[in-house]
There are 4 protein chains.
Amino acid sequence: MNFDALRPLLDDICARMAAMPDRGTVASYIPELACIDPARFAMSICLPDGRQISVGDAKVEFSIQSVSKVFTLAIALGRYGDRFWSRVGREPSTHVFNSVQELEAREGIPPNPFVNSGAIATTDSLLVGATPKETLAEIVRFMRQAASDDAIFIDPQVAASEKETGDRNWALAYFLRSCGNLRHDCALTLGTYFHHCALAMTCEQLARAGRFLAGIHPDGNLIAPGHIRSINALMMTCGHYNGSGEFAYRVGVPAKSGVGGGILAVLPNRASIAVWSPGLDRYGNSLLGTQALEILSQDLGLSMFSITPGIGPSRI
Amino acid sequence: MNFDALRPLLDDICARMAAMPDRGTVASYIPELACIDPARFAMSICLPDGRQISVGDAKVEFSIQSVSKVFTLAIALGRYGDRFWSRVGREPSTHVFNSVQELEAREGIPPNPFVNSGAIATTDSLLVGATPKETLAEIVRFMRQAASDDAIFIDPQVAASEKETGDRNWALAYFLRSCGNLRHDCALTLGTYFHHCALAMTCEQLARAGRFLAGIHPDGNLIAPGHIRSINALMMTCGHYNGSGEFAYRVGVPAKSGVGGGILAVLPNRASIAVWSPGLDRYGNSLLGTQALEILSQDLGLSMFSITPGIGPSRI
Amino acid sequence: MNFDALRPLLDDICARMAAMPDRGTVASYIPELACIDPARFAMSICLPDGRQISVGDAKVEFSIQSVSKVFTLAIALGRYGDRFWSRVGREPSTHVFNSVQELEAREGIPPNPFVNSGAIATTDSLLVGATPKETLAEIVRFMRQAASDDAIFIDPQVAASEKETGDRNWALAYFLRSCGNLRHDCALTLGTYFHHCALAMTCEQLARAGRFLAGIHPDGNLIAPGHIRSINALMMTCGHYNGSGEFAYRVGVPAKSGVGGGILAVLPNRASIAVWSPGLDRYGNSLLGTQALEILSQDLGLSMFSITPGIGPSRI
Amino acid sequence: MNFDALRPLLDDICARMAAMPDRGTVASYIPELACIDPARFAMSICLPDGRQISVGDAKVEFSIQSVSKVFTLAIALGRYGDRFWSRVGREPSTHVFNSVQELEAREGIPPNPFVNSGAIATTDSLLVGATPKETLAEIVRFMRQAASDDAIFIDPQVAASEKETGDRNWALAYFLRSCGNLRHDCALTLGTYFHHCALAMTCEQLARAGRFLAGIHPDGNLIAPGHIRSINALMMTCGHYNGSGEFAYRVGVPAKSGVGGGILAVLPNRASIAVWSPGLDRYGNSLLGTQALEILSQDLGLSMFSITPGIGPSRI
């Protein structure tokens, strides 16, 4: 990607998104999130040469919510390796992100680590041998190193807000526990889960935090290359809940969304991208964030599934 | 991919597969397929420079079955463009490949074009304005051009075998019809469907037939680049039925399997690969075919989700 | 039940039903049924003393459709006894009457003999050792004896109408067959099924035909008392598809509905009742037929679940 | 029912049950219940004339568990009448008694008041305007009056045991709450629920407590006759979870089971019956309790679906 050509393209996308009449619906089930201005929009791209380019509200913090699941998975894979997969599956889901139905049909094994049930099980695995405080400290530390920025914090009000209203997540946690797939008290695990979901980050920080998955982190590999490959694969097939097939079709890169309206997208060896627009589509993914990534992907041919014109032998 | 380095690697994979004690289960529900020797194995790779390298029984014909769905989708997208998607979805499935359950839950819209219901609807769309004979002729013609080989035929015995025993497919066709998502008589559509599934091809032919999806076909693009991208995306998220997440995790490239034991894998701009081993895993995908692709992918770093060592700025 | 008191009550119900603005929706998926006048209404009651009382269009023929399933089950139980239950379950269903979903979840064993899948399997069992013609002759013969009326016939136009449009039933038949739970060709079994569903009867005839289930048939028991008990139990828990719980709650007697708008209700030792109103509710049961039975049941205390005032010891 | 003829019959049933090799499996998920002796057996019958006949361990207390749901429903119907049904359905279920799946598919409206989700919602409704203590006092008071026995208590150890291990019930409560179908804190509602499930009663007490549903209570009607009819209907179609159809088929009377191994059966105007055998079948219903009721029903022709020999006109 040519850095200089990116600027006008991002400016254009930003302008088009500002003009969009349908901005989706801001998540209302977490009271603290419900008051976010739906007009917010930001995008930020990190390149292999270390440069970063951003547009819009890229320095405004938002709640990364489920995007944090990428990072907890990274830590869990680092700690447990393949043993981690005894507790969580690797297949896309067909129900809503907080479905208990799919968990019951699978007898307590979440379909993948990116739906709520799977992420709760992941958080639970991180609590083995550590207090919630220590675990959260580890997550924040990892995030800060990933983003090369110590000014990343958990928003306690958002965490508290979800703790009080996250009944569906409590249902998931108790269901996991009834199947023997939760080792700790639901309150302990969910308390930790709600807190890491409440990480507040700017689009710039999030794009930088995702560099390690693109293999372009200044500190080298924060986790084993095999785990990077695993996480990217899961982001491709499961990163947008039951809208993952659609996202792969439209954008064609590994990505993870959060109900705060953020999306982290990864282009191995090429870039990490963060986008933020608070309004959601019916699957719970950022409506304009997806559209912005789709335009960017089409304009730059970023989809992994694209062919580059003029490769074949006939054209030599 | 270095052509000369591929030969010893493929020979090694071929030898390892020959020694595998668990070869999966040969599909028994199509009588003509049940008598295939489970010891068969073949692999063939086409490169951008036009060269092709093969090992094992790469000149032995097998029934490509559901791999044909990639080619009927290509023709349907060429004919209908985005209108095609009014009849078929683009999301992975969580039930078995011939499930009616998922079709009923989605009110007659198949989850994607690669499960049986979706492929039957695709075939049905091709029959608009054409007889089954003309449609099959078009499919065979497309396949021959794709493979640059006129010696590709439909095996009438396999087609007849499935026609007599394919009760579950009849159930799917009638269900589609009851929802208004089948325009023709079930017998007409299924007759055509069973015949294109009964295409007999060698691994060499199949690898060549897949080149257009990798953008390395000698005739240039057989279909629009946008449709290539679409098909590859769907192969990634839906190409292995309810085992698609697992395949993406293990192998990491777009691919489509068939119950004949064949798999066609696509590496955009880099290669098209066909593999054949008749024994299937519990999802109906080739057991050793997947393992062979996994080894190849790991050894050559083919997964789209891998990072290449030494890309990042810290290593400059 | 006092015969003389019934007349004014039935007249009143008939008048109230005539005034009902919401008459439900006449089944449209069988073209021959779609043209029935929704204003039709009839009710007929047979008493133990042999007398019968009727109101409304009780001498007008209608298609009994799924009410015929009671009679095919009676014949099948007579022929196979408990062995019959190896092919069909005895539990209520939670999906629509022609659901394949539930059949797939139960691996080809229909939940009960009164949903379509179960009735198709029942018909299939009757075809063992007999041609469709012989089987239909047996069913008609049974029905005529039950009704003490030789003027009962199958309406060939309705049978043909369903044969052409009954795609969902074909899906069910093929699904059963794919699970090994259909012994004959789908066309053979469904042809027979569509024909017995196309039995044309008047409300008077249907009420008389149901007497054997109430134990008040002039010829004594047409089938073993144990089978009568079984059928009545199934009518109670499964006779109104996924609206069976509601019917038991509101009316409280064993009954079976048909999409032609007929309902046969049984009061063991007391009465058999037929009602007809063509408009259906969302479950596919006669809307006004149910309401008429509810009023009758409440006025006469017919529900099996009612207590009779003044029975207990404190009131002696 | 002839009182004198009952004694030898009950003695015979008791002896046969004592000799049964397969006694089912004692519920293990509530630790306090797991240590119950599976050899226990008791049966008790109350007749309209006020007499009661019992066999076996009829004076030994057991945990009535879900049988209590009949009584909480009685109280709730008395308080809310038809408004109660806005929160709970009236249809049988097809999944296990503590399924969340079915609740999610129905968007938070439990299928009926006798599966766990429905009973939790019922308990929640009783807490409106009352503390848990007051509500439990009301339930115990109702039970004592129903049984004409003040020596009925809640077993605090069983209640505590379930409170600690009832994770699936917590999942159900939180799920209800996430759908807006739980008014109180989960802890408040579940605490009350676990306590009324922990009512300890003898078979003699339970049979007497059920008399009001048969209309043979010495104090007359404890609740409105219409509500008695409603409860009996629901016991018939939903009283044995997803084994309700089977129970209706085999025994043919309204009844409610509990995982403590108790069953309360109601014969309107004729008798109330309690049976106890701790071992459960795969649905969570008492294995031998059902068998004992089946023998009793067959020997005495108790099934509501039976015809009485010699009723019909031909036999006059």
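The values are calculated or read from the model by the stated rules, or taken from the named source; none is laboratory data. Computed from a predicted structure; not experimentally measured. Please note: Cβ atoms are built from the backbone with ideal geometry, for glycine as well, and neighbour counts cover all protein chains shown. Ligands, DNA and RNA are stripped out before the accessible areas are found, and what is left, the full protein with its side chains, is counted by its heavy atoms. Shrake-Rupley method; radii C 1.70, N 1.55, O 1.52, S 1.80 Å.
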### Task
Would you mind checking the tilt of helix B:167-178 against the longest principal axis of the Cα atoms of chain B, expressed as 0 to 90 degrees and rounded to 10?
60 degrees
### Query
Dividing the alpha-carbon radius of gyration of the range A:3-300 by 2.2 N^0.38 Å (N being the number of residues), what value is obtained?
0.91
## Note on the structure
Over the range C:205-259, with neighbouring protein chains present, the accessible area per residue in Å² at probe 1.4 Å is 15 Å²
### Query
How long are the three semi-axes of the equivalent ellipsoid for the range B:1-66, computed from the Cα gyration tensor as the root of 5 times each eigenvalue, in whole Å, largest first?
26, 16, 8
### Task
Distances from residue A:219 to the same position in the other copies: list them in nm, one decimal, shortest first, using label points 7 Å from Cα along Cα→Cβ.
5.4, 7.2, 8.9
### Query
Can you give the helix-only mean residue ellipticity at 222 nm for chain A, where every DSSP H stretch with n ≥ 4 adds -39500 (n - 2.57) and the sum goes over all residues, rounded to the nearest 500 deg cm²/dmol?
-13500 deg cm²/dmol
### Message
With the cut-off at 1.5 for a/c, could you classify the range B:61-214 from its C-alpha gyration tensor as rounded, prolate or oblate?
### Response
prolate
### Task
Output the residues of the range D:176-209 meeting this criterion: accessible area (heavy atoms, 1.4 Å probe) in the chain alone minus accessible area with all protein chains in place is 20 Å² or greater.
D:177, D:178
### Query
Which shape class, rounded, prolate or oblate, goes with the range B:37-111 when its Cα gyration tensor gives a ≥ b ≥ c as root eigenvalues, a/c under 1.5 marks rounded, and past that a/b bigger than b/c marks prolate?
oblate
### Message
Need the per-residue list for the range B:84-125: every residue with at least 40 Å² less accessible surface in the complex of protein chains than in the chain by itself, probe 1.4 Å, sorted by number.
### Response
B:90, B:91, B:92, B:94, B:101, B:104
## Note on the structure
If labels are modelled 7 Å from Cα along the Cβ direction, residue A:29 lies from its partners in the other copies at nm distances, smallest first, of 2.3, 3.2, 3.5
### Summary
The helix D:132-147 Cα axis meets the longest alpha-carbon principal axis of chain D at an angle in degrees, between 0 and 90 and rounded to 10, of 10 degrees
### Value of D in µm² per second that Stokes-Einstein yields for the protein assembly as shown, Kirkwood Rh from Cα pairs, at 20 °C (1.002 mPa s)
64 µm²/s
### Task
With N set to the residue count of the range D:63-103, report its C-alpha Rg divided by 2.2 N^0.38 Å to two decimal places.
1.33
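Assigning unit charges at the beta carbon (Lys, Arg +1; Asp, Glu -1) and nothing else, what dipole magnitude in debye, to the nearest 20, does the range B:53-101 show about its Cα centre?
240 debye
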### Rounded tilt (10° steps) of A:287-300 against the dominant C-alpha axis of chain A
40 degrees
### Task
Give the interface area between chains A and B as buried accessible surface, both sides summed, probe 1.4 Å, in Å² to the nearest 100.
4100 Å²
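Take the cross-link list B:133/B:256; A:256/B:256; B:59/B:256; D:69/D:163 and give me the ones stretching past 23 Å between alpha-carbons.
B:133/B:256; A:256/B:256
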### Query
At residue D:5, with labels set 7 Å past Cα in the Cβ direction, how many nm apart are the copies from this one, shortest first?
2.9, 9.2, 9.6
### Residues residue D:164 and residue B:299, FRET efficiency given R0 of 56 Å [Cβ-Cβ distance, rounded to 0.05]
0.60
### Query
Kirkwood hydrodynamic radius for the range B:172-316: how many Å is it when counted over pairs of different Cα atoms?
16.8 Å
### Task
Using DSSP to define loop residues, name the trypsin sites (Lys or Arg not before Pro) in the range D:7-51 whose beta-carbon has at most 16 other beta-carbon atoms within 10 Å.
D:51
### Query
Taking K and R as +1 and D and E as -1, what net charge do the other residues with C-beta under 14 Å from the C-beta of residue A:88 add up to?
+1
### Task
Give, as a single signed number, the net charge of other residues whose beta carbon lies under 13 Å from the beta carbon of residue A:248, with Lys and Arg counted +1 and Asp and Glu -1.
+1
#### Entry: Alpha carbon centroid spacing (whole Å) that separates the range B:120-192 from the range C:35-50
49 Å
### Query
Near residue D:6, within a Cβ-to-Cβ distance under 11 Å, what is the net charge of the other residues, with Lys and Arg +1 and Asp and Glu -1?
-2
### Query
Over the protein assembly as shown, what percent of the accessible surface lies on carbon and sulfur atoms, probe 1.4 Å?
51 percent
